[in-house]
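Notes follow the structure.
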Amino acid sequence: LAAAMFTVILSLSAATAQGNAVQGEVRKIDEAAGKVTLKHGPIKNLGMDVGMTMTFRVKDPAMLREVQVGDKVEFEAEQAASGYTVTKMQKSN
């Protein structure tokens, strides 16, 4: 039983450590093109060690209807064939 609990705890820790969530602020939304411009901090999983403002494609255009310019967001991005793509995005406090 102790070994099983230890395995669960390790799995939860690994999942938390792998989270690539980044804090950002929505600067521009281009729903027609499926893009969002975000001011953001470092994005370690993309090799970006400094924050900047840049435009990303979005995996699901419906995400763009959930936010407005000026909103603080938490997002995850990945390198896709079409460029840097936001895969998850939600408002943050």
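Quick rundown of the values:
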{"quantity": "Subset of region 36-68 (residues that are more than 14 Å from residue 23 (Cβ to Cβ), in contact (Cβ under 8 Å) with a residue 12 or more places away in the chain, out of contact with any Asp or Glu (no Cβ under 9 Å at 6 or more places or on another chain) and among the hydrophobic types (A, V, I, L, M, F, W, C))", "calculated": "54, 56, 58, 63"}
{"quantity": "Region 41-93 - residue that is loosely packed, with under 13 Cβ neighbours inside 10 Å and touching a helix residue (DSSP H, G or I) at 6+ places or on another chain (Cβ under 8 Å) and, of those, farthest from residue 25 (Cα to Cα)", "calculated": "79"}
{"quantity": "Residue tally, condition among the hydrophobic types (A, V, I, L, M, F, W, C), at pLDDT 95 or above, over 8 Å from the mean Cα position of the chain (by Cα) and part of a strand (DSSP E or B), over region 66-89", "calculated": "1"}
{"quantity": "Any hit, region 8-15, residues being at pLDDT 95 or above and open to solvent by 30 Å² or more (accessible area, probe 1.4 Å)", "calculated": "no"}
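The values are calculated or read from the model by the stated rules, or taken from the named source; none is laboratory data. Since the model is a prediction, treat every value here as computed from it, not as a measurement. As a convention, Cβ positions derive from the backbone with ideal geometry for all residues, glycine included, and neighbour counts pool all protein chains shown. Quick note on the areas: whole protein, heavy atoms, side chains included, nothing else; ligands and nucleic acids left out. Shrake-Rupley method; radii C 1.70, N 1.55, O 1.52, S 1.80 Å.
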